[in-house]
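Nothing in this text is a laboratory measurement; each read-out follows from the coordinates by a stated rule. Please read these numbers as outputs of a predicted model, since none were measured by experiment.
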Amino acid sequence: MTSFHSYFSVIHDLRQQGKVLHKLIDVLFIAVAAFIAGADDWEIVILFAEERKQWLKKYLELPNGIPSVHTFRRVFRLIDPKQFEKCFILWTKEIARRSRGDIIAIDGKTIRGAKDNGNDTSKIHIVSAWSSQNNLFLGQVKTDEKSNEITAIPELLDLLYIKGNIISVDAMGTQKKIAEKIYKEKEANYVLALKKNQETLYDEVERYFQYALKIQFKDMEYQSVRTVEKGHGRMEVREYYLTSDISWLESRKDWLGLKSIGMVISHCTRGDVKTTDTRYFIASINGITEFSNTVRQHWGIESCHWTLDVTFKEDASRIRKENEPENAALLRKMALNILKIDTQMDKAKDIRPHSYNAKRYKAAINNEFLEKVMIDNILSNG
């Protein structure tokens, strides 16, 4: 059982201490509970806290009552996001089952309603790491623009213990220094997507596989697997190809650990509409099962980003000043992680096991449900 207090009480309170009426840890606790129960801004957090005041007093002293909206805004503008992120990562390590071979996806997401330090022209971009084994966010780093993912990804990798894992990164992060950091410094493997930002490498890999398809891979060294997925009126057939025959690749020595190149062809049918998409990859692994699983699991972080937008209304958030957007993004990830590992409603009749809307609604109306969620994943008896 994890302890919220032990992980998050170390965060520095930068408010003027002579004027502080509410403990920082109390403000954090209320915010997390409220976000689990459906809050998406500070006004809703206050409504939640006022309605659950007696329940909150089971865990918090609240000598000066419920903090005001102004207090929540001030606290989350002042909290150092980097320190908050480190506490989040340590807490996540406690609740996650980690083992070698986990697939960790790294991807970025723009929070469209948030602006960087009030600058109307600069949207905030968050680069996150997600564990496929646990279906949990592991950490995040803010960057000013999507193009700055190149510098944010190494910073995020520095925060994580990933030895023995496979790291999947979208094309923006396909950089020689990032590959070297993953393979040499962090002792992990990588599967990196290719696009035109690595034009020469992309063209070489594309020409190889297009020729291979033309001759049906005759006398060529390769592995392949085919998968079929059906659901929601849609069928997707994926063909995965991987080859370790890269002696011809001129730039292979520039990519530390490079062992193979891969191609994935996706055929999607929805009604009468059929589409085909082809993607290329470089990898430090050489097994088709590992490769296909890694490419497939990268979709998981994109699905979680969709949940943050649809269920937690992240893109519509008006929390936008100073450190608020970055810290609020971390609160949403905490709430989502907690809801993901909670199993109380997984066998409920007529409710989908991973309906986070349903879980948040029940947490909003049912003290026992919320308490069980909090006790199992945040509170400690010790």
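The phi-based Karplus calculation (6.51 cos²θ - 1.76 cosθ + 1.60; θ = phi - 60°) puts the 3J(HN,Hα) values of the range 207-224 at 4, 4, 6, 5, 5, 4, 5, 4, 9, 6, 6, 4, 6, 10, 7, 6, 10, 8 Hz, whole numbers, x for Gly and Pro.
Calculated from DSSP H runs of 4 or more alone, at -39500 (n - 2.57) each and per residue, what is the 222 nm mean residue ellipticity of the chain, nearest 500? Each step should come with its number before you reach the end.
On the way: 14 runs with 150 residues, N = 382.
After summing the helix terms and dividing by the residues of the chain, the value is -12000 deg cm²/dmol.
In the calculated pair distance distribution of the chain, what percentage of Cα-Cα distances lie above 39 Å? If you can, show how the numbers build up before the last one.
Numbers: 17028 of 72771 pairs.
The answer is 23 percent, as a whole percent.
In this structure, the residue pairs whose Cα-Cα separation is over 25 Å, taken from Lys218/Lys274; Lys218/Lys259; Lys186/Lys253; Lys109/Lys195; Lys93/Lys186; Lys57/Lys362, are Lys218/Lys274.
Take every DSSP beta bridge whose two residues both sit in the chain, then give the antiparallel share in percent to the nearest 5.
Values: 50 of 58 bridges.
Rounded to the nearest five, the antiparallel share is 85 percent.
Taken over the C-alpha atoms, the range 239-343 has Rg and Dmax values of 19.5, 52 angstrom.
Using a cutoff of 8 angstrom between alpha carbon atoms and counting only pairs six or more residues apart, the relative contact order for the chain works out to 22 percent. If you take the Cα centroid of the range 260-328 and the Cα centroid of the range 50-111, the two points sit 25 Å apart. Within the listed set Asp245, Asp102, Asp272, the residue fluctuating most in the Gaussian network model of the chain (springs between alpha-carbon atoms under 10 angstrom) is Asp272. Backbone phi angles across the range 293-303, fed through the Karplus curve with coefficients 6.51, -1.76 and 1.60 (θ = phi - 60°), yield HN-Hα couplings of 5, 5, 4, 5, 6, 4, 4, x, 5, 5, 5 Hz in residue order; Gly and Pro are listed as x.
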